[in-house]
Amino acid sequence: MKLAIIGLSNSGKTTVFNALTGQNIETTVYATVSGDPNYGTVKVPDPRIDKLSEIYNPKKITYASVKYVDYIGLTKGDAVQNRKVFDLIKDVDAIVHVVRAFEDDSIAHPMNEIAPLKDIETLELELIFGDIELVEKRLERMEEGAKKGKKPNEAEKKLLLKCKDALEKEIPLRNVSFDDEEQKVMKHLQFVSTKPEVVVLNIGEKDLNTEKSVNLQKDAEKYFDSKGTAETTKVVTLCGKIEMEIAQMSAEDAKAFLDDLGIREPALNKLINVSYDLLGLISFLTAGEDEVRAWTIKKGVNAHQAAGKIHSDIERGFIRAEIVGYEAFISSGSMSAAKDKGLLRLEGKTYEVKDGDIINFRFNV
């Protein structure tokens, strides 16, 4: 899973990136308009992998991972500057939109006021405007080609006109229904407003666990509900500054600090869980003395497809999948005990893999 962290300048994007990745990239009090993207890969916390590793004591432990990319802020009305960001994020699975909700006189706001809902709307429109620009350029090229005798791709033209109609009504494309054929045609276009979105309300330390922060999140959720995008947009509230400090601590110190602040879990865990839910992702597990590992797949994937996630040879030579649910395995105490209780099952290609399934694939190539 690859997520892009975006937002208006001085919203705290890089602070949130540091909190998520444990890095210490310099943050500035002024808007930056150039520089290189920041990249970070994070292990997905999974207590099931920890427990299975205690049982099997494997040579290798592999968690699922999330890749984050952080770049310069978006600027209202600056199509050229914003295109730099859009070109970077067009291949990500989802965007993490950091919205400034903290007050700090030393850090200028690009629009001179702390107004989270206004900022949300501004960035949403910039994504839409970016896609309108792309649509118009594609249609212009088609028109120019037609004048030279080149027959346009009618399926793509029809799709572009459909997108143009929605975008001009300020509807992001993630909130437009496209059938399978349209999605195939759209794939190479790489629109940015199609991306599912996690909105991170970056509050100040004094607003942690307050009615103000609760109401702010409710207002943001109401905004997306009114726009009809609640299914493709989730809202999380956190304090990036505090979370960045936590990310630099040892696990023991971090837990004590979180307890003192009344924070149930660090931002990394919260954001990953929300992102998995938003994208419809789950993890199945493989366990043995060589390796204990989590594999990320889409909900609804069958056993045959899941086998291909590990290796194409396993998918090609698939015979059966030996499956036991994680909870059933733990309650049994061992794989042999789970088998004796009839909890270990043999499933065929069409079995829909569930979150936490421990699977051993039988195959022959």
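What follows is calculated from the coordinates using simple rules that are stated; it is not laboratory data. Worth saying up front: this structure is predicted, and the values here are computed from it rather than measured. All Cβ positions, glycine included, derive from the backbone under ideal geometry; neighbour counts span all protein chains shown.
Numerical summary
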{"quantity": "Long-range amide H partners of residue 199 with built H, under 5 Å", "calculated": "97, 234, 235, 236"}
{"quantity": "Packing-based exposure ordering (other Cβ within 10 Å, fewest first) of 100, 316, 345, 174", "calculated": "316, 345, 174, 100"}
{"quantity": "Inter-part distance where segment 288-365 and segment 74-126 are each reduced to a Cα centre, Å", "calculated": "43"}
{"quantity": "Note, ³J(HN,Hα) from phi for segment 206-219, Karplus 6.51, -1.76, 1.60, rounded to Hz, x at Gly and Pro", "calculated": "5, 9, 4, 6, 10, 5, 4, 5, 5, 5, 4, 5, 4, 5"}
{"quantity": "The chain: most fluctuating residue of 134, 238, 261 per GNM, C-alpha cutoff 10 Å", "calculated": "261"}
{"quantity": "Potential lengthening between residue 301 and residue 141 on full extension [0.36 nm per residue; Cα-Cα distance subtracted]", "calculated": "53.7 nm"}
{"quantity": "Cut-off under 5 Å, modelled amide H: who pairs with residue 362 long-range", "calculated": "319, 320, 321, 322"}
{"quantity": "Relative contact order (percent, whole number), the chain, Cα cutoff 8 Å, 6+ residue spacing", "calculated": "19"}
{"quantity": "Where the Cα pairs of the chain fall when distances are cut into 20 Å bins, in %", "calculated": "25, 50, 24, 1"}
{"quantity": "Residue-count net charge about residue 282 - beta-carbon cut-off 11 Å; Lys, Arg +1, Asp, Glu -1", "calculated": "-1"}
{"quantity": "Added length on full extension, which subtracts the Cα-Cα distance from 0.36 nm per residue, residue 311 to residue 255", "calculated": "16.4 nm"}
{"quantity": "GNM top mover of 64, 328, 19 - the chain, alpha-carbon springs below 10 Å", "calculated": "328"}
{"quantity": "Residues whose placed amide H lies under 5 Å from that of residue 357, excluding near-sequence neighbours", "calculated": "285, 326"}
{"quantity": "Helical contribution to [θ] at 222 nm, DSSP H n ≥ 4, -39,500 (n - 2.57), averaged over the chain, rounded to 500", "calculated": "-13500 deg cm²/dmol"}
{"quantity": "Vicinal HN-Hα couplings computed from phi for segment 309-316 (Karplus, 6.51 cos²θ - 1.76 cosθ + 1.60; Hz; Gly/Pro x)", "calculated": "5, 7, 6, 4, 5, 5, 5, 5"}
{"quantity": "Under Karplus coefficients 6.51, -1.76 and 1.60, residue-wise ³J(HN,Hα) of segment 176-193 in Hz, glycine/proline x", "calculated": "10, 7, 10, 6, 4, 5, 5, 5, 5, 5, 6, 3, 7, 7, 6, 5, 9, 7"}
{"quantity": "Cα-Cα P(r), segment 240-365, percent of pairs per 10 Å interval", "calculated": "12, 32, 27, 19, 10, 1"}
{"quantity": "Most fluctuating residue given options 309, 187, 298, as computed from a GNM of the chain linking Cα atoms under 10 Å", "calculated": "187"}
{"quantity": "Cross-link pairs 162/187; 218/270; 184/222; 67/158; 67/195 - those with Cα-Cα distance over 26 Å", "calculated": "184/222; 67/158"}
